[in-house]
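The values are calculated or read from the model by the stated rules, or taken from the named source; none is laboratory data. Please read all numbers here as calculations on a predicted model, not as lab measurements. Here Cβ is always computed from backbone atoms with ideal geometry, including for glycine, and neighbour counts include all displayed protein chains.
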Amino acid sequence: MNSVVKNTSTNIDDSGPFRVMVVDDSAIIRGFLCRYLSEDPHIDVVTTANNGIVALRQLGQHDIEAVVLDIEMPEMDGMTALPKMIDMKPDLQVVMASTLTRKNAEVSLRALQRGAVDYVPKPETARSVNANIDFRRELVEKVKAWASRRRTKLGLGQPKTATASGAAATQQPTFARPSRPSANGFVSARRPVAAVSSMPGRAGTTVSTALGSINSAKSEAAPIALRKGSLRKPKILLIGSSTGGPQALMRFFEGFKHPPTVPILITQHMPATFTAILADHLKQATGWPAFEGKDGMEIKAGQIYVAPGGRHMEIASVDNRLVVKLTDNPPENFCRPAVDPLLRSAGTIFGERVLAVILTGMGHDGLKGAREITKNGATLLAQDEESSVVWGMPGAVAGAGLCTEILPISEIGAAAAKRLQGGMA
């Protein structure tokens, strides 16, 4: 099914479509993946390979930006090929594709520590791959997100699409910015302007940047207002994340010099199987007890609870004990688990004693819940645009003026740890 692979020119256009290679030993699966990706105007599938050896050869012959890499392949599997690919092209964005087994989920998360940027959980049969709309959307969005981030870091142009007049217009992929409108269509919080405080992104300042419109007009973005957080010591820490979240969570907890004195509950958009392994990885990285949440499990200070894939996780009070409450309620923001139910339930119990953090991710999950908890005085921190893979979720709460601080991933963990230690009793 190589007919869907587009021809490439030796003259590479760094403002053209993202250049992608698909590596999978199944010709049928490879064909489906190519078709899904090629149908997006921002993606050009320039070549394919059926194992790691062929992939390395193709990588040497084509200027590839992103790779969708299968794990289990003959001759050379994905985990063997991965570090070799990164050695050949350090800025290569590799998205692992694996079926939903515990073994492959473990391998996928381990691949993130070896240079891969993300993973997509691949349906188990060719028929289910072709029928799974969620898989198709996730595959395309993640490839675009990481390829777009690569170009941004290298100072390269984003893909162009034709306008009604036939001219080419630079178009940022639709997921890459928050939905709050401004004079130029988007809003950003990278650099402070008219700062009252010398620290960018702190309460008492407004932050903004000129992003430029879809048609490259240079109008100033509307500033983002920050709000004061609670002065009272938090009793619980909540974290929401999606695309790029596993790596961001690891970086977040590096900011803690001491074990937390409150429970930590995390909603990361992940399928079942992956969430239990994420909890294991967090336990290994932090040295703190970490679990995939189970219905009725008692919530204790100093422990981490990860929402299980496929179920919403909330907090409930039963007989004067805090427990995990899992529900099969409909998806919210197209997600289950979703961040909003967790925020709402915690806000009802803890009020202004909630400390919530929104990390990198697509969409706006967490926005409604953040509105509710901040009405009660809770404190909300968000990851900044520059360090986010996709500034959707954090950008949504930032653009709504709900945040007390907007910080890079290298600083936000320490800021959260500091808030957990301070405030009134």
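Just to check your reading of the model, which residue among Gly244, Gly293, Gly255 is surrounded by fewer than 24 Cβ atoms within 10 Å (Cβ to Cβ), out of contact with any Cys (no Cβ under 8 Å at 6 or more places or on another chain) and outside the structural domain of Asp118 (by TED's automatic domain parsing)? Let's see the steps before the verdict.
Details: Gly244 fails: surrounded by fewer than 24 Cβ atoms within 10 Å (Cβ to Cβ); Gly293 fails: surrounded by fewer than 24 Cβ atoms within 10 Å (Cβ to Cβ).
Testing whether each residue is surrounded by fewer than 24 Cβ atoms within 10 Å (Cβ to Cβ), out of contact with any Cys (no Cβ under 8 Å at 6 or more places or on another chain) and outside the structural domain of Asp118 (by TED's automatic domain parsing) leaves just Gly255.
Out of the range 33-68, which residues are over 16 Å from Lys89 (Cβ atoms), of a type in the set (D, E, K, R) and outside any loop (DSSP other than H, G, I, E, B)?
Arg35, Asp44
Would you be able to say whether some residue in the range 121-139 is under 23 Å from the mean Cα position of the chain (by Cα), buried (at least 23 other Cβ atoms within 10 Å of the Cβ) and farther than 27 Å from Ser387 by Cβ?
yes
Just to be sure I understand the filter: pairs with C-beta atoms under 7 Å, separated by 6 or more residues or on different chains, first member in the range 273-297 and β-branched (Val, Ile, Thr), second member assigned to a helix (DSSP H, G or I). Which pairs pass?
From residues that are β-branched (Val, Ile, Thr), the pairs are Thr273/Arg102; Thr273/Ala105; Ile277/Ala105; Ile277/Glu106; Ile277/Leu109; Thr286/Phe253.
For the range 351-366, state whether one or more residues are farther than 26 Å from Pro408 by Cα and in the same structural domain as Pro408 (by TED's automatic domain parsing).
Yes: the range 351-366 contains one or more residues that are farther than 26 Å from Pro408 by Cα and in the same structural domain as Pro408 (by TED's automatic domain parsing).
Within the range 300-333, which residues are surrounded by fewer than 20 Cβ atoms within 10 Å (Cβ to Cβ) and either β-branched (Val, Ile, Thr) or not assigned by TED's automatic domain parsing to the domain that holds Gly240 (or both)?
Val318, Val323, Thr327
Considering only the range 325-360, how many residues are of a type outside the set (A, V, I, L, M, F, W, C), at negative phi, touching a residue at least 24 places away in the same chain (Cβ under 8 Å) and not in a helix (DSSP H, G or I)? I'd like the intermediate steps shown before the answer.
Just the residues of the range 325-360 that are of a type outside the set (A, V, I, L, M, F, W, C), to begin with: 325, 327-333, 336-337, 340-341, 344-345, 347-348, 351-353, 360.
Cutting the leftovers down to at negative phi gives us 325, 327-332, 336-337, 340-341, 344-345, 347-348, 352-353, 360.
Within this subset, residues satisfying the condition of being touching a residue at least 24 places away in the same chain (Cβ under 8 Å) are 325, 332, 336-337, 340-341, 344-345, 347, 352-353, 360.
Okay, now just the ones that are also not in a helix (DSSP H, G or I), so 325, 332, 336-337, 360.
Counting residues in the range 325-360 that are of a type outside the set (A, V, I, L, M, F, W, C), at negative phi, touching a residue at least 24 places away in the same chain (Cβ under 8 Å) and not in a helix (DSSP H, G or I) gives 5.
Could you please give the count of residues in the range 83-110 that are part of a helix (DSSP H, G or I) and either among the hydrophobic types (A, V, I, L, M, F, W, C) or not assigned by TED's automatic domain parsing to the domain that holds Asp63 (or both)?
In the first step, residues of the range 83-110 are kept if they are part of a helix (DSSP H, G or I); the result is 83-88, 102-110.
Now narrow it down to the ones that are either among the hydrophobic types (A, V, I, L, M, F, W, C) or not assigned by TED's automatic domain parsing to the domain that holds Asp63 (or both): 85-86, 88, 105, 107, 109.
Of the residues in the range 83-110, 6 are part of a helix (DSSP H, G or I) and either among the hydrophobic types (A, V, I, L, M, F, W, C) or not assigned by TED's automatic domain parsing to the domain that holds Asp63 (or both).
I'd like to verify a number: residues in the range 24-72 that are under 22 Å from Arg110 (Cα atoms), without any contact (Cβ under 8 Å) to a residue 60 or more places away in the chain and crowded, with 20+ Cβ neighbours inside 10 Å, how many?
Here the count works out to 6.
Provide a single number: the residues in the range 236-246 that are under 18 Å from Gly293 (Cβ atoms) and not in a helix (DSSP H, G or I). Quick ask: steps written out before the conclusion?
Step one: filter the range 236-246 for residues under 18 Å from Gly293 (Cβ atoms), giving 236-242, 245-246.
Filter once more, keeping what is not in a helix (DSSP H, G or I): 236-242.
Total satisfying the criteria: 7.
Looking at Glu75, is it of a type in the set (Asp, Glu), surrounded by fewer than 15 Cβ atoms within 10 Å (Cβ to Cβ) and at positive phi?
Values: of a type in the set (Asp, Glu): yes; surrounded by fewer than 15 Cβ atoms within 10 Å (Cβ to Cβ): yes; at positive phi: yes.
When the stated conditions are applied, Glu75 passes them.
May I ask you to list the residues in the range 304-319 that are without any contact (Cβ under 8 Å) to a residue 24 or more places away in the chain and either in contact with a Cys (Cβ under 8 Å, 6 or more places away or on another chain) or assigned to a loop (DSSP other than H, G, I, E, B) (or both)? Don't jump to the end; show me each part of the working.
As a first pass, look at the range 304-319 and keep what is without any contact (Cβ under 8 Å) to a residue 24 or more places away in the chain: 318-319.
Once the filter is applied, which keeps residues that are without any contact (Cβ under 8 Å) to a residue 24 or more places away in the chain and either in contact with a Cys (Cβ under 8 Å, 6 or more places away or on another chain) or assigned to a loop (DSSP other than H, G, I, E, B) (or both), the range 304-319 yields only Asp319.
I'm checking my understanding of the structure. Among residues of the range 263-298 that are part of a loop (DSSP other than H, G, I, E, B) and over 16 Å from Glu314 (Cα atoms), which one is nearest to the chain's Cα centre (by Cα)? Spell out the reasoning first.
Step one: of the range 263-298, the residues part of a loop (DSSP other than H, G, I, E, B) are 263, 269-273, 287-289, 293-297.
Checking which are over 16 Å from Glu314 (Cα atoms) leaves us with 270-273, 287-289.
Working: Met270: 10, Pro271: 14, Ala272: 17, Thr273: 18, Gly287: 24, Trp288: 23, Pro289: 24 Å.
Among those that are part of a loop (DSSP other than H, G, I, E, B) and over 16 Å from Glu314 (Cα atoms), it is Met270.
Give Ala400, Ala356, Ala346, Ala378 a once-over and let me know the one that is at pLDDT 95 or above and within 17 Å of Ala248 (Cα to Cα). Lay out the reasoning, then the answer.
Numbers: Ala400 fails: within 17 Å of Ala248 (Cα to Cα); Ala346 fails: within 17 Å of Ala248 (Cα to Cα); Ala378 fails: within 17 Å of Ala248 (Cα to Cα).
When all the criteria are applied, what remains is Ala356.
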